[in-house]
Amino acid sequence: MSVAARKEQARSDGRVSALGKATWRALRRLPLKGRSAVVAAPYIWLGLFFLVPFIIVLKISLSQMIVARPPFTPLLTWTEGWWPQVQAYLDNYVWLLQDPLYWIAYLNSVKIALISTLGCLLIGYPMAYGIAKAPATARTLLLLMVILPFWTSFLLRVYAWIGILKQNGLINNVLMWLGIIPEPLAMLHNDFSVYVGIIYSYLPFMILPLYANLEKMDVSLLEAAADLGCKPWKAFLSVTLPLSLPGIVAGSMLVFIPAVGEFVIPELLGGPDTLMIGRVLWNEFFNNRDWPVASAVTIVLILVLVIPIVIFQRQQAKTQDVLE
Amino acid sequence: MPEASATAGTLEPWRDPQARPYVRIEGVTKRFGEFTAVDDVSLDIFRSELFALLGASGCGKTTLLRMLAGFERPTSGRILIDDQDVTAMPPYERPVNMMFQSYALFPHMSVEQNVAFGLKQDSVPKAELKARVGEALELVQLGPWARRKPHQLSGGQRQRVALARALVKRPKLLLLDEPLAALDKKLREKTQFELMNIQDEVGVTFVVVTHDQEEAMTLSTRMAVMDRGRVMQVGTPSEVYEFPSTRFTADFIGSINVFEGRVRSIDGDLVVVESPQFGGELEVASQARVAQGQTVWVAVRPEKISIAPRGEGGAKEGRRRNAADGVVQDIAYLGDTSVFRVDIGNGTLIEVTQTNLFRSIERPIDWDARVTLSWTANVGLILSE
């Protein structure tokens with residue numbers, strides 16, 4: 001069949017089956033619709049339960065506190081005419097800048113979160129490495145032991161640390177009984193106990209992504225390094241460590257982000273001078289009933305956290321690039 | 001001719017009883033629990049050889065290679081490289097480099113960094129390092145790709161990076177684990193010759209592990225055929241092909257027709273074997289030490305058998321030795337050759353390979369054709385195990 005004849009054939013086909021084509025087109029659109037519905041589900045979820053509340057908080061942060069119900073001024077008022085009047089105040093944000101309490105609380109939170117993340121990394125990396133290198137049968141059990149604490153309430157587990165760390169708690173009693181220390185150590189209600197609490201609570205979030213990363217690392221790469229004259233510890237530094245960087249970043253973000261805004265652990269284990277932004281937030285909201293300032297604190301906290309998240313996202317994109 | 005013996009000495013050092021082997025594997029055994037992966041293997045490999053370890057998967061060839069690299073410690077026995085006992089030496093101290101089957105390129109490093117990695121471990125000065133990396137990349141024709149990451153390269157290019165990385169340290173011994181297995185057929189054939197040229201150029205001793213007999217035969221100066229942890233035969237490709245020492249090697253390398261029988265008479269070099277499986281007598285010109293009445297196997301390669309159409313009728317004469325009448329049961333047309341499977345009765349099939357000398361669509365010998373097979377006494381082999 002010549003080219004011209006084939007084209008003619010195609011054209012006549014098109015005329016004859018106009019109806020069939022329409023159906024076909026509709027069918028083709030259908031899976032696309034199905035796909036957008038699937039994609040839409042998480043967007044709707046995030047929109048309803050994240051974006052809308054965020055906008056409400058943002059709105060409250062721009063209002064002023066009043067003694068009323070709700071305890072803040074409305075953003076939009078319809079006094080007269082068709083156009084609503086906007087009453088937005090930046091007072092709360094100015095207040096956050098002026099009072100050093102907030103600055104100190106933010107910085108202290110970031111500091112505690114950073115040190116805790118580092119602690120989790122130092123403890124979690126060898127654990128993840130050990131699990132990844134363990135025989136397959138032991139691996140399941142070891143992973144289960146990492147996840148097991150999640151079966152108990154987070155609050156209870158943090159509470160249990162009070163019993164362990166307090167003046168006549170488990171550690172002090174054992175150490176005094178052994179005669180190692182003459183008098184009990186002050187381990188509770190200070191920064192130390194906060195670190196212990198955060199590192200303990202968030203360690204699994206560091207171990208799991210690191211394990212996932214280390215477990216799929218190709219053993220032959222380490223053999224290749226050894227073959228090329230690289231001693232084991234150096235092979236770890238020049239091969240294992242750089243290749244596990246995505247796992248380190250993922251684990252660190254999963255620890256750092258919630259640790260910055262942590263409230264329960266500093267509240268239960270921290271001292272009166274353990275200033276963390278979560279506690280400041282709680283105080284503003286529940287004690288001072290100052291919803292606008294509490295909202296402003298929240299907005300600033302989110303901004304503080306958005307930066308590491310963006311870094312995280314970019315790192316993920318880069319990893320994807322390498323893996324492809 | 002003094003010249004000829006000199007070449008025999010350098011090109012085929014294994015024939016020279018005076019030559020000192022470069023790599024000696026002495027009675028090496030490796031057990032994993034109950035399982036014996038390598039069973040009392042002794043091999044001598046000479047300088048600049050391209051030695052192949054050939055065998056089916058699980059025959060212990062990779063374990064042997066890994067013991068040469070230092071990833072596995074022999075349960076017993078010794079390994080010497082250039083007169084140095086390396087049995088207990090960790091891999092990072094051995095003058096040995098390996099090209100891994102998966103290539104094991106570092107994904108986070110560029111081609112250049114991958115190749116430079118080994119030299120950096122030895123703290124080679126920067127200028128020299130750069131020159132040697134450039135040289136190695138030049139050798140495998142990867143200069144323009146120096147800055148690429150491994151995932152940006154094709155399979156063939158990755159293979160060449162792995163080779164350059166292993167060669168750049170100028171090892172005494174280069175180990176190649178199934179070097180061509182991941183490449184497609186055409187590229188594999190091309191790379192085989194490249195690999196030989198490179199080996200020729202750098203003069204490093206190569207030990208290649210492969211399950212592909214064609215690859216082993218093309219590449220190697222000598223090869224060791226392995227089965228269940230033991231070395232069955234060592235020799236040049238043509239020695240192993242033409243003079244297999246056991247039924248296993250005969251069957252493993254290429255295809256072969258084997259007939260079981262009993263030695264009927266020995267007349268000088270001519271051994272006559274009575275074989276019920278063949279349905280007649282076979283004669284083989286052989287130096288094999290066999291006794292009358294002993295059970296032996298007579299082996300004949302398919303390409304050494306001639307096949308001719310048998311005329312209709314004609315009274316069936318008494319069977320000649322090394323000849324049989326049969327019916328073509330199967331023909332495999334491979335382009336350059338055709339393989340015939342001929343039924344000679346009592347359930348015995350003989351494989352015959354013929355070169356397709358003439359271009360023709362019509363087959364001179366077709367399915368169900370009645371044919372006569374024959375071969376001369378000096379193409380057969382007597383195998384006693």
(Q) Suppose the filter is within 13 Å of another protein chain (Cβ to nearest Cβ), over 21 Å from B:L64 (Cβ atoms), of a type in the set (D, E, K, R) and assigned to a helix (DSSP H, G or I); does B:R165 pass it? (A) yes
Apart from one, (1) modelled with pLDDT of 90 or more; (2) among the aliphatic types (A, V, I, L, M); (3) closer than 16 Å to B:F259 by Cα all hold for B:V328; the odd one out is (3)
Scanning the range B:91-108 residue by residue, those at the interface with chain A (Cβ under 7 Å from one of its Cβ atoms), more than 27 Å from the chain's Cα centre (by Cα) and within 25 Å of B:R78 (Cβ to Cβ) turn out to be B:Y92
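Regarding the range B:205-214, can at least one residue be identified that is touching a residue at least 12 places away in the same chain (Cβ under 8 Å) and more than 15 Å from the chain's Cα centre (by Cα)?
Filtering the range B:205-214 down to residues touching a residue at least 12 places away in the same chain (Cβ under 8 Å) leaves B:205-213.
Subsequent filtering for residues that are more than 15 Å from the chain's Cα centre (by Cα) retains B:205.
The answer is yes, given that some residue of the range B:205-214 is touching a residue at least 12 places away in the same chain (Cβ under 8 Å) and more than 15 Å from the chain's Cα centre (by Cα).
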In the set A:I299, A:I265, A:I277, A:I307, the lone residue that is in contact (Cβ under 8 Å) with a residue 12 or more places away in the chain, open to solvent by 10 Å² or more (accessible area, probe 1.4 Å) and among the aliphatic types (A, V, I, L, M) is A:I299
Subset of the range A:126-161, residues open to solvent by less than 20 Å² (accessible area, probe 1.4 Å) and touching a residue at least 40 places away in the same chain (Cβ under 8 Å), comes to A:A128, A:I131, A:A132, A:V146, A:V158
Counted residues in the range A:77-105 being modelled with pLDDT under 80 and either in a helix (DSSP H, G or I) or open to solvent by less than 80 Å² (accessible area, probe 1.4 Å) (or both) come to 3
Being within 29 Å of A:N288 (Cβ to Cβ) and not basic (K, R) narrows A:I104, A:I44, A:I123 down to just A:I104
Condition set touching a helix residue (DSSP H, G or I) at 6+ places or on another chain (Cβ under 8 Å) and aliphatic (A, V, I, L, M), scope the range A:208-223, selection nearest to the other protein chains (Cβ to nearest Cβ): answer is A:L221
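Please verify whether A:L122 is at pLDDT 95 or above, open to solvent by 100 Å² or more (accessible area, probe 1.4 Å) and assigned to a helix (DSSP H, G or I), treating the condition exactly as stated.
yes
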In the range B:14-56, residues that are open to solvent by 10 Å² or more (accessible area, probe 1.4 Å) and outside any strand (DSSP E or B) total 15
By residue number, the members of the range A:230-262 that are touching a helix residue (DSSP H, G or I) at 6+ places or on another chain (Cβ under 6 Å) and either open to solvent by 50 Å² or more (accessible area, probe 1.4 Å) or within 11 Å of chain B (Cβ to nearest Cβ) (or both) are A:C230, A:K231, A:A235, A:V239, A:S244, A:P246, A:L254
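The values are calculated or read from the model by the stated rules, or taken from the named source; none is laboratory data. Note that the structure is predicted; figures quoted are calculated from it, not measured. Reconstructed Cβ throughout: ideal geometry from the backbone, glycine too, with neighbour counts over all protein chains shown. Quick note on the areas: whole protein, heavy atoms, side chains included, nothing else; ligands and nucleic acids left out. Shrake-Rupley method; radii C 1.70, N 1.55, O 1.52, S 1.80 Å.
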